[in-house]
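S.K.: Following this message is one structure expressed as C-alpha cells.
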Ligand SMILES: Nc1ncnc2c1ncn2[C@@H]1O[C@H](COP(=O)(O)OP(=O)(O)OP(=O)(O)O)[C@@H](O)[C@H]1O
Ligand SMILES: [Mg+2]
C-alpha cells in the first residue's frame with residue numbers, strides 16, 4: 001500500500017463535557033476519495049477544523065505528506081498543500097469571482113505579497129484562475145462579485161479556489177448542502193471529474209452521492225469511528241445500519 | 001464599520017472614477033496659490049496646507065482602517081513621532097530634511113512594528129483600546145521629554161531645509177511641497193491597495209479565515225500595512241511641525257486620533273480620496289465654526305455623527321448617490 005497523504009492517529013477533542021472527537025484514526029491515500037459520514041452533530045466539521053488547523057486537538061497527531069503538522073497554523077498547512085472548503089460557504093463576497101480564485105493562484109506563486117503591480121491585471125494570476133473557473137463551470141461569471149453568486153455557484157467557486165492551490169489533499173465539508181437538484185447534479189459531476197487526481201476527504205449527507213463517488217467510507221457517530229471500508233461493506237455493516245443508515249430507512 | 005466596501009476598489013469602473021476625483025482635486029489645489037495672487041485671502045493657503053498635511057495622515061489611516069478593517073485609535077502617535085523627529089533634530093542642529101525625514105520615518109516604523117505586533121494579537125474593540133493605550137503612552141512619553149519642552153512643547157528655531165535649500169520657509173513653496181507629498185502618498189497607497197499585497201489585505205478585512213486557509217499569514221499582512229501606515233503618518237507629522245514651527249504632546253492626544261478617524265469616516269471609508277476630502281471638510285468646518293463660537297466642538301461633533309448616519313459612505317457615498325452612480 002502507498003504512503004497516505006493524510007493520516008490521523010488517535011485524535012481527541014472535547015468541548016466541555018462533550019467528546020466531539022473520540023480517538024479518531026483515519027488515512028487518506030493519494031487520489032482516494034474518502035467519504036466521512038455521520039449524523040448531525042457527530043463531529044465531522046470539528047474533525048475537518050482540526051485537520052485544517054483551525055482547532056487544536058487535545059491529543060493525537062496529524063500527519064500530512066509524512067510530516068507532523070499537528071502544531072502548525074492553518075496557513076502553514078495550506079502552504080504545505082492542504083486545501084479545504086467550508087460547510088457554510090466561505091468566499092470573499094466583495095471581490096469578483098475571478099479575484100477570489102486569483103487569490104489562490106497568488107498564494108502558491110512567487111512573491112504572493114508583492115507591494116507593487118496591479119494584481120487585477122496580472123495574467124500570471126488571472127490565467128490559472130480562469131482555467132479553474134472553466135473547470136468548475138463558472139467561466140461566464142468571472143466578473144460578478146462572489147457575494148452575488150447562487151448558493152451552488154458559491155460551492156463551485158470554493159472548489160475552484162481549492163483546486164487553484166494545486167493541493168495534495170482537499171477537505172470538502174458538505175459541498176452539496178443546501179444546493180438545488182440541478183446544481184447538485186453538476187457538483188457531483190465536478191467531484192467525479194476530480195476523482196483520482198486529488199486526495200479528497202468528503203463530508204456529505206447525500207448518501208446517493210457518497211455511495212456513487214467514494215472509494216472508502218468512514219462512519220462517525222458521537223465523535224468515534226464506528227466503521228470504515230469500501231462503500232458496499234459499510235452499507236452492509238450492522239452497527240452502521242443501526243446507528244445511522246437504519247434511521248433513514 | 002465600512003458603509004462603502006473597500007473591496008469595490010477592485011472594480012475597474014469606480015476605481016477610475018475615484019482616480020479622476022483625486023486628480024481633479026490635486027489640479028484644483030495646484031492653482032490655489034494663483035487665486036491668492038488674485039486676491040484670495042492668504043489665510044486659505046495656510047488652511048489648505050494644513051488640510052493637506054492632515055489628509056496625508058488620514059490617507060495613511062484609511063489604508064489600515066478602510067482597506068484593512070483595523071480601527072486604530074492611536075494614529076496621532078505617528079504624527080507626533082514625525083513632528084518630534086523634525087523638532088528634536090532641528091533643536092540638535094540637524095535641519096536637513098533629507099536626513100531628518102528618513103530618521104523620523106524610521107522611528108515611526110519601529111514604533112509601529114513593536115506596538116502593531118502587540119495590538120494585532122487582539123481584535124475588534126480590544127484592538128481599538130490597545131492602540132488607544134499605545135497612543136497615550138507616546139503622549140505621556142512626549143510630556144516627559146523635559147529636554148525638549150516637556151508639557152509645554154518645543155518651538156522650532158527654523159524650518160527644515162531640503163538639500164540645503166530653505167524651501168520650507170516660503171509659504172507658496174511649502175504649499176507645493178506638501179501638495180506633491182500628498183499626491184505622492186495618494187498614488188503610493190493606491191498602488192499598494194491594487195497590488196497583490198493589497199488584495200490580501202482587502203480579502204482579510206472581509207474573511208480572515210478564508211485568507212488563512214488559502215495560505216496567507218493574516219497577522220503578518222496586517223502588521224506590514226500597519227507599519228506602512230505609521231511611516232506615512234510620520235511624514236505628515238514632519239510637515240506639520242514645519243508648518244506650525246512648534247511641536248507639543250497635544251499632537252498625539254487621543255482626541256487627535258479620534259479626529260483622524262472622523263476625517264476618514266466623513267470622506268468615505270476605504271476610498272482613499274475620501275480621506276482627503278474628509279480632512280478638508282473637517283479642517284474647513286473647524287476653521288469656520290471656531291470663528292463663530294468657542295463651543296464649536298459641541299456643535300461639530302453631533303453634526304459629524306448626523307452627517308455620517310445620513311449619508312452612508314460619507315461624502316464619497318453622498319456624491320456617488322447624487323451622481324446616480326451608487327454601486328449597490
Ligand atoms: N465551538 C464549539 N463549542 C462547543 N461545542 C461545539 C463547538 N463546535 C461544535 N460543537 C458541538 O460539537 C458537536 C459536533 O459538531 P460538528 O459541527 O463537528 O458536527 P457535524 O458532524 O459537522 O454536524 P453537521 O452534520 O450538522 O454539520 C455538536 O454537538 C456541536 O454542537
Ligand atoms: Mg458539519
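S.K.: Report, by residue number, each residue of region B:24-40 that is part of a helix (DSSP H, G or I) and farther than 17 Å from residue B:181 by Cα.
M.R.: B:34, B:35, B:36, B:37
S.K.: Would you check if there is a residue in region A:63-80 being on the phi > 0 side of the Ramachandran plot and either within 13 Å of ligand 2 (Cβ to nearest atom) or at pLDDT below 95 (or both)?
M.R.: Checking region A:63-80: at least one residue is on the phi > 0 side of the Ramachandran plot and either within 13 Å of ligand 2 (Cβ to nearest atom) or at pLDDT below 95 (or both).
S.K.: Regarding region A:196-203, can at least one residue be identified that is in contact with a strand residue (DSSP E or B) (Cβ under 6 Å, 6 or more places away or on another chain), crowded, with 16+ Cβ neighbours inside 10 Å and over 18 Å from residue A:38 (Cβ atoms)?
M.R.: Scanning region A:196-203, I find at least one residue that is in contact with a strand residue (DSSP E or B) (Cβ under 6 Å, 6 or more places away or on another chain), crowded, with 16+ Cβ neighbours inside 10 Å and over 18 Å from residue A:38 (Cβ atoms), so the answer is yes.
S.K.: Further question on the same structure: Going by the structure shown, is residue B:240 buried (at least 17 other Cβ atoms within 10 Å of the Cβ), part of a helix (DSSP H, G or I) and touching a helix residue (DSSP H, G or I) at 6+ places or on another chain (Cβ under 9 Å)?
M.R.: When the stated conditions are applied, residue B:240 passes them.
S.K.: Filter region A:143-154 down to residues that are more than 14 Å from chain B (Cβ to nearest Cβ) and either in a loop (DSSP other than H, G, I, E, B) or under 12 Å from the mean Cα position of the chain (by Cα) (or both), then give me how many there are.
M.R.: Final tally of qualifying residues: 2.
S.K.: Do we find that residue A:65 is more than 13 Å from the chain's Cα centre (by Cα), away from ligand 1 (no atom under 16 Å from the Cβ) and more than 7 Å from chain B (Cβ to nearest Cβ) in this structure?
M.R.: Considered against the rule, which asks whether it is more than 13 Å from the chain's Cα centre (by Cα), away from ligand 1 (no atom under 16 Å from the Cβ) and more than 7 Å from chain B (Cβ to nearest Cβ), residue A:65 comes out as yes.
S.K.: Here's another thing I want to ask about it. Collect the residues in region A:9-23 that are surrounded by fewer than 16 Cβ atoms within 10 Å (Cβ to Cβ), within 11 Å of ligand 1 (Cβ to nearest atom) and part of a strand (DSSP E or B), keeping them in residue-number order.
M.R.: Passing the criteria: A:14, A:15, A:18.
S.K.: Can you give me the number of residues within region A:133-177 that are within 16 Å of ligand 1 (Cβ to nearest atom) and at positive phi?
M.R.: Within region A:133-177, residues that are within 16 Å of ligand 1 (Cβ to nearest atom) and at positive phi number 1.
S.K.: Here is a follow-up. Criterion first (closer than 16 Å to residue B:211 by Cβ and within 16 Å of ligand 1 (Cβ to nearest atom)) does residue A:53 satisfy it? It would help to see each step written out before you state the result.
M.R.: Numbers: closer than 16 Å to residue B:211 by Cβ: yes; within 16 Å of ligand 1 (Cβ to nearest atom): yes.
Criteria met by residue A:53.
S.K.: Answer with yes or no whether residue A:113 is under 25 Å from residue A:153 (Cβ atoms) and at the interface with chain B (Cβ under 7 Å from one of its Cβ atoms).
M.R.: no
S.K.: Look through A:60, A:147 and report the one residue that is touching a strand residue (DSSP E or B) at 6+ places or on another chain (Cβ under 6 Å) and away from ligand 2 (no atom under 16 Å from the Cβ).
M.R.: Going through A:60, A:147 in turn, the sole match is A:60.
S.K.: Then there's this: Filter region A:48-57 down to the residues that are farther than 23 Å from residue A:196 by Cβ and surrounded by 17 or more Cβ atoms within 10 Å (Cβ to Cβ), then identify the one that is nearest to ligand 2 (Cβ to nearest atom). Working first, answer last.
M.R.: Restricting attention to region A:48-57, the residues satisfying the condition of being farther than 23 Å from residue A:196 by Cβ are A:49-50, A:53-57.
Subsequent filtering for residues that are surrounded by 17 or more Cβ atoms within 10 Å (Cβ to Cβ) retains A:49-50, A:53-55, A:57.
Numbers: A:49: 9, A:50: 13, A:53: 17, A:54: 13, A:55: 13, A:57: 17 Å.
Top of the filtered list is A:49.
S.K.: To continue, here is another question. Would you confirm whether any residue within region A:165-181 is within 19 Å of the chain's Cα centre (by Cα), part of a helix (DSSP H, G or I) and either closer than 30 Å to residue B:226 by Cα or within 13 Å of chain B (Cβ to nearest Cβ) (or both)?
M.R.: No, region A:165-181 contains no residue that is within 19 Å of the chain's Cα centre (by Cα), part of a helix (DSSP H, G or I) and either closer than 30 Å to residue B:226 by Cα or within 13 Å of chain B (Cβ to nearest Cβ) (or both).
S.K.: If the requirement is being part of a helix (DSSP H, G or I) and either at pLDDT below 95 or under 21 Å from the mean Cα position of the chain (by Cα) (or both), which of these qualifies: B:3, B:13? Break it down stepwise before answering.
M.R.: Details: B:3 fails: part of a helix (DSSP H, G or I).
The unique qualifying residue is B:13.
S.K.: Applying the selection to region A:82-119, what residues are surrounded by fewer than 20 Cβ atoms within 10 Å (Cβ to Cβ) and more than 16 Å from ligand 1 (Cβ to nearest atom)?
M.R.: Within region A:82-119, A:93, A:108, A:109, A:110, A:111, A:113, A:114, A:115, A:116, A:117, A:118 meet the criteria.
S.K.: Give me the residue from region A:116-142 that is assigned to a loop (DSSP other than H, G, I, E, B) and more than 9 Å from chain B (Cβ to nearest Cβ) and, out of that set, modelled with the lowest pLDDT.
M.R.: It comes out as A:137.
S.K.: So, one more: Residues that are modelled with pLDDT of 95 or more, within 14 Å of ligand 2 (Cβ to nearest atom), within 14 Å of chain B (Cβ to nearest Cβ) and closer than 21 Å to residue B:212 by Cβ: does region A:25-47 have at least one?
M.R.: Yes, region A:25-47 has at least one match.
S.K.: To continue, here is another question. So is residue B:133 within 19 Å of residue B:71 (Cα to Cα) and surrounded by fewer than 12 Cβ atoms within 10 Å (Cβ to Cβ) or not? So that I can check it myself, show each step before the final result.
M.R.: Values: within 19 Å of residue B:71 (Cα to Cα): yes; surrounded by fewer than 12 Cβ atoms within 10 Å (Cβ to Cβ): no.
Against the criterion (within 19 Å of residue B:71 (Cα to Cα) and surrounded by fewer than 12 Cβ atoms within 10 Å (Cβ to Cβ)), residue B:133 does not qualify.
S.K.: Give the residue that is nearest to residue A:10 (Cα to Cα), with candidates limited to residues of region A:68-100 that are in a strand (DSSP E or B) and more than 8 Å from chain B (Cβ to nearest Cβ). Step through it out loud before you land on a result.
M.R.: We begin by selecting, within region A:68-100, every residue in a strand (DSSP E or B); these are A:68, A:82-84, A:96.
Then keep just the ones that are more than 8 Å from chain B (Cβ to nearest Cβ); that gives A:68, A:82.
Working: A:68: 13, A:82: 20 Å.
Within region A:68-100, the match that is nearest to residue A:10 (Cα to Cα) is A:68.
S.K.: From the list B:98, B:89, B:63, which residue is modelled with pLDDT of 95 or more and either buried (at least 18 other Cβ atoms within 10 Å of the Cβ) or more than 14 Å from every other protein chain (Cβ to nearest Cβ) (or both)?
M.R.: B:63
S.K.: Here's another thing I want to ask about it. Restricting region A:182-229 to residues that are part of a strand (DSSP E or B) and without any contact (Cβ under 8 Å) to a residue 40 or more places away in the chain, which is farthest from ligand 2 (Cβ to nearest atom)? Steps first, answer last, please.
M.R.: We begin by selecting, within region A:182-229, every residue part of a strand (DSSP E or B); these are A:195, A:198-203, A:216-221, A:224-229.
This time we only want the ones that are without any contact (Cβ under 8 Å) to a residue 40 or more places away in the chain, so: A:226-227, A:229.
Working: A:226: 17, A:227: 19, A:229: 22 Å.
So, considering only residues that are part of a strand (DSSP E or B) and without any contact (Cβ under 8 Å) to a residue 40 or more places away in the chain, the one farthest from ligand 2 (Cβ to nearest atom) is A:229.
The values are calculated or read from the model by the stated rules, or taken from the named source; none is laboratory data. Keep in mind that what you see is a predicted model, and the values were worked out from it rather than measured. Glycine also receives a Cβ, built like all others from the backbone with ideal geometry; neighbour counts cover every protein chain displayed.
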